[in-house]
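Worksheet: the structure to be examined is printed underneath.
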Amino acid sequence: MNLILWRHAEAIDLGTPVTPGCKRDLERKLTDRGQIQAADTARWLRKHVKRDYRVICSPALRALQTAKAFSDTPEIIEALCPLADASHVLGAINWPQGKDVIVVGHQPWIGRVASLLLSGHEQDWSVKKSSIWWLSHRLRKQESHEKAQTVLRLVLPPELIG
């Protein structure tokens with residue numbers, strides 16, 4: 001299974017602190033710059049993703065707008081809200097048994113999912129807006145058994161895409 005974690009592109013700043021996941025936070029739109037970031041990343045993905053991917057996203061408007069730059073019909077998963085934890089995200093996407101998936105979401109859970117899958121420990125790894133982290137799950141034969149591995153295929157920030 002391939003997993004592409006895509007942090008939503010730049011969104012408007014409300015000017016005052018809001019609780020992540022509250023109604024005002026979920027309604028934040030992409031900025032003009034964020035729309036360009038999302039379009040550039042989507043163009044890169046179309047060029048390099050050769051298989052059929054399930055595209056899922058958070059219920060936040062900024063994540064949906066980012067996902068729609070790549071897919072006309074992304075699937076909104078409530079469990080991918082801004083305050084989700086890594087285990088809920090992995091359960092929602094059925095890792096590693098599910099179909100290849102592009103997941104559009106938020107910090108801090110994108111960094112936490114990546115750290116958990118790659119190091120075995122959940123940590124607060126930084127992921128820039130509109131960056132993608134491409135991971136693969138594979139079984140590697142070792143002696144008389146197979147061992148599951150997560151492989152980092154690519155980390156790509158938006159400034160290297162556009």
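The values are calculated or read from the model by the stated rules, or taken from the named source; none is laboratory data. Quick caveat, the model's predicted, so the values are computed rather than measured. FYI the Cβ positions are ideal-geometry reconstructions off the backbone, even for glycines, and counts take in every protein chain you see. Keep in mind that these areas ignore ligands, DNA and RNA; they rest on the heavy atoms of the full protein, side chains included. Shrake-Rupley method; radii C 1.70, N 1.55, O 1.52, S 1.80 Å.
Subtracting the Cα-Cα distance of Leu14 and Lys47 from their residue separation scaled by 0.36 nm leaves 8.5 nm.
Here is the list for segment 130-162: GluC sites (Glu not before Pro) lying in DSSP coil, each with at most 14 other C-beta atoms within 10 angstrom of its C-beta, are Glu143.
Compared with the direct C-alpha span, the chain from Leu118 to Asp85 gains 10.3 nm at full extension, assuming 0.36 nm per residue. Computed in the context of the full set of protein chains, the accessible area of segment 10-145 at 1.4 Å probe radius has 51% of its extent on carbon or sulfur. Among beta bridges identified by DSSP and lying wholly in segment 1-131, the antiparallel ones come to about 10 percent.
Solvent exposure of the chain amounts to 53 Å² per residue of accessible area, where only protein heavy atoms count and the probe is 1.4 Å. If I take every Cα pair under 8 Å that is 6 or more residues apart in segment 90-150, average their sequence separation and divide by the length, what percent do I get for the relative contact order? Normalised by residue count, the contact order of segment 90-150 is 22 percent. The gain in end-to-end length when the Glu78 to Arg140 segment is fully stretched comes to 19.0 nm, 0.36 nm per residue minus the alpha carbon separation. In the structure shown, do any of Lys47/Lys68; Lys68/Lys147; Lys99/Lys147; Lys47/Lys141; Lys23/Lys47; Lys50/Lys129 have a Cα-Cα gap over 26 Å, and if so which? Correct reply: Lys68/Lys147; Lys47/Lys141; Lys23/Lys47. In order along segment 147-156, the Karplus-derived 3J(HN,Hα) couplings, from 6.51 cos²θ - 1.76 cosθ + 1.60 at θ = phi - 60°, round to 10, 6, 9, 10, 10, 7, 8, 6, 10, 9 Hz, and Gly and Pro are given as x. Counting only residues at least eight positions apart within a chain, or on another chain, the aspartates and glutamates with an alpha carbon under 20 Å from that of Lys29 are Glu10, Asp13, Asp40, Asp72, Glu75, Glu78. Between Arg54 and Leu160, the FRET efficiency from the beta-carbon distance, with R0 = 22 Å, is close to 0.30.
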